[in-house]
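Engineer: Quick one: this structure, given as structure tokens, is what I'll be asking you about.
The values are calculated or read from the model by the stated rules, or taken from the named source; none is laboratory data. Since this is a predicted model, take the numbers as computed values, not measurements. Every residue, glycine as well, gets a Cβ built from its backbone with ideal geometry; the counts of neighbours run over all protein chains shown.
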Amino acid sequence: MEISDSEFVRRLYYSVLKRPPDEAGLSHHVALLASGALSREKLQDAFEQSPEAVELLRKYEAAFGGEAEIARKLAAATGRWGSGRTLGPRVIEIEVSSRCNITPACVMCDIDLAGKAFDIPLTVVEKLAPLFPGATQILLHGIGEPLMNRDLMSIIALVPDRSKTGFNTNALMLTRSVAARLVDLGLGWLNVSIDAATPETYRKIRRNDFLRVMANIRGLIEARGDRKIPEVFINMTLMKENIAEAPAFVRLGAELGVNQIIFQQMNLQTAIAAPIESNGWVFDYRSQLLQNYPELHRDAIEAAYAAAAEAGIPLVYRQHY
């Protein structure tokens with residue numbers, strides 16, 4: 001889901017200027033976006049070309065020898081600082097594919113990939129590989145379906161400690177042969193987005209074959225056998241249409257033998273303007289937000305936690321994403 005203007009500006013401050021935003025600056029830039037005076041792309045260009053950003057880059061270049069030298073040092077980062085911490089980022093997230101095999105998209109997805117879909121080439125990831133040893137997490141996902149990238153297995157193989165690596169997936173392409181390869185590679189975890197506990201609700205929300213996903217998850221767990229990884233999580237994006245299935249979703253996860261259940265609500269900042277027709281049902285984003293149904297939400301979540309306690313399976317609830 002698309003982030004809000006406020007969050008977008010905050011990220012620009014941290015990523016470009018390397019500092020928290022001041023409230024006046026944050027309000028000013030959010031107002032520019034809201035009025036349409038600047039697009040996000042133009043605002044990012046303005047940040048990158050600002051005197052503060054230019055001065056920051058000058059200081060980095062003075063300290064480390066210029067942009068090319070910084071890149072070379074990162075790529076050759078096998079040394080350690082005095083603390084014993086390997087040089088480089090702690091968490092690396094690589095969007096291996098922005099393509100998705102669910103078309104039309106899931107009803108709550110507002111990502112428009114027209115003309116923008118891509119798979120990241122293996123050659124690009126190979127250039128990042130020297131950073132992998134120092135990372136504590138490597139996430140191979142973004143807005144698309146990672147299994148769409150034909151080089152995914154080769155990308156995973158570039159990671160030295162693959163127990164710290166995983167990705168989100170809809171599992172529709174998780175065939176038994178794919179599952180076996182992931183197990184053999186020692187992938188750390190897999191998080192499957194399902195959003196329903198019944199075929200009927202799954203067909204409405206994700207417009208696909210629920211039983212196929214169930215079979216693919218079972219195939220992965222069977223391929224894993226007695227090994228501890230990959231850990232398998234299943235997640236549910238909660239809304240009015242599926243909230244009553246939350247306890248059944250927990251029981252489904254226990255029956256499948258997954259390691260963890262994850263709940264999250266739809267993003268409050270997203271506003272899909274027009275209702276969407278899906279398999280005889282009309283989805284309206286705003287009317288599906290659970291903030292409109294506090295008692296329905298409370299009762300279903302309490303029952304889900306009770307089901308998780310009875311089944312002995314961890315349940316993680318992220319209120320929003």
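Engineer: Can you tell me which residue among Phe167, Phe210 is assigned by TED's automatic domain parsing to the domain that holds Thr103, more than 17 Å from Ala248 (Cβ to Cβ) and surrounded by 16 or more Cβ atoms within 10 Å (Cβ to Cβ)? Quick ask: steps written out before the conclusion?
Structural biologist: Values: Phe210 fails: more than 17 Å from Ala248 (Cβ to Cβ).
Every option except Phe167 fails the conditions.
Engineer: When the residues of region 113-149 are narrowed to those that are part of a loop (DSSP other than H, G, I, E, B) and over 19 Å from the mean Cα position of the chain (by Cα), which ends up modelled with the lowest pLDDT? Steps first, please.
Structural biologist: If we filter region 113-149 for residues that are part of a loop (DSSP other than H, G, I, E, B), which is where we start, we get 113-118, 120-121, 135-136, 140-145, 149.
Narrowing further to those that are over 19 Å from the mean Cα position of the chain (by Cα): 114-115, 121.
Details: Ala114: 51, Gly115: 54, Pro121: 91.
Looking at the filtered set, the residue picked out is Ala114.
Residues are listed down the side, and each one gets a yes or a no for (1) among the basic types (Lys, Arg); (2) more than 23 Å from the chain's Cα centre (by Cα):
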site	(1), (2)
Arg212	yes, no
Leu220	no, no
Glu241	no, no
Val250	no, no
Asn279	no, yes
Leu315	no, no
Arg318	yes, no
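Listed here are the residues, each with its yes/no results for (1) hydrophobic (A, V, I, L, M, F, W, C); (2) surrounded by fewer than 18 Cβ atoms within 10 Å (Cβ to Cβ); (3) over 21 Å from Tyr202 (Cα atoms).
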site	(1), (2), (3)
Ala223	yes, no, yes
Ile229	yes, no, yes
Ala244	yes, yes, no
Phe249	yes, no, no
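Engineer: Residues in region 112-166 that are of a type in the set (Asp, Glu) and more than 24 Å from Asn101 (Cβ to Cβ): how many?
Structural biologist: Of region 112-166, the ones of a type in the set (Asp, Glu) are 112, 119, 126, 145, 151, 161.
After this cut, where a residue has to be more than 24 Å from Asn101 (Cβ to Cβ) as well, the list is 126, 161.
Looking only at that region, the number is 2.
Engineer: Moving to a separate point now. With the condition being free of Cβ contacts under 8 Å to residues at least 40 places away in the same chain and closer than 22 Å to Val213 by Cα, I'd like the strands (runs of 3 or more DSSP E) fully within region 229-321 carrying at least 2 qualifying residues. Explain how you work it out, then say what you get.
Structural biologist: On the way: elements: 231-238, 260-265, 276-278, 281-283, 315-320.
Output list is empty.
Engineer: Working only within region 1-22, note down all residues that are part of a loop (DSSP other than H, G, I, E, B) and among the charged types (D, E, K, R).
Structural biologist: Residues of region 1-22 that are part of a loop (DSSP other than H, G, I, E, B), as a first pass: 1-4, 18-22.
Result: Glu2, Lys18, Arg19, Asp22.
Engineer: Picking from Ile276, Ile262, which residue would you name as being in contact with a Phe, Trp or Tyr (Cβ under 7 Å, 6 or more places away or on another chain), in the same structural domain as Met108 (by TED's automatic domain parsing) and over 25 Å from Ala304 (Cα atoms)?
Structural biologist: Working: Ile262 fails: over 25 Å from Ala304 (Cα atoms).
Just one listed residue meets the conditions, Ile276.
Engineer: Could I ask something else about it? Name the residue, out of Glu41, Glu69, that is under 29 Å from Ile138 (Cα atoms), assigned to a helix (DSSP H, G or I) and at pLDDT 85 or above. Give the derivation first.
Structural biologist: Values: Glu69 fails: at pLDDT 85 or above.
After applying the criteria, what remains is Glu41.
Engineer: Moving to a separate point now. For residues that are within 20 Å of the chain's Cα centre (by Cα) and buried (at least 17 other Cβ atoms within 10 Å of the Cβ), tally how many sit in region 10-23.
Structural biologist: As a first pass, look at region 10-23 and keep what is within 20 Å of the chain's Cα centre (by Cα): 10-12, 14-15.
Right, trim to buried (at least 17 other Cβ atoms within 10 Å of the Cβ) and you get 10, 12.
The number of residues fulfilling the criteria is 2.
Engineer: Report yes if some residue within region 173-195 is under 29 Å from Gln265 (Cα atoms), among the charged types (D, E, K, R) and either part of a helix (DSSP H, G or I) or modelled with pLDDT of 95 or more (or both); otherwise report no.
Structural biologist: yes
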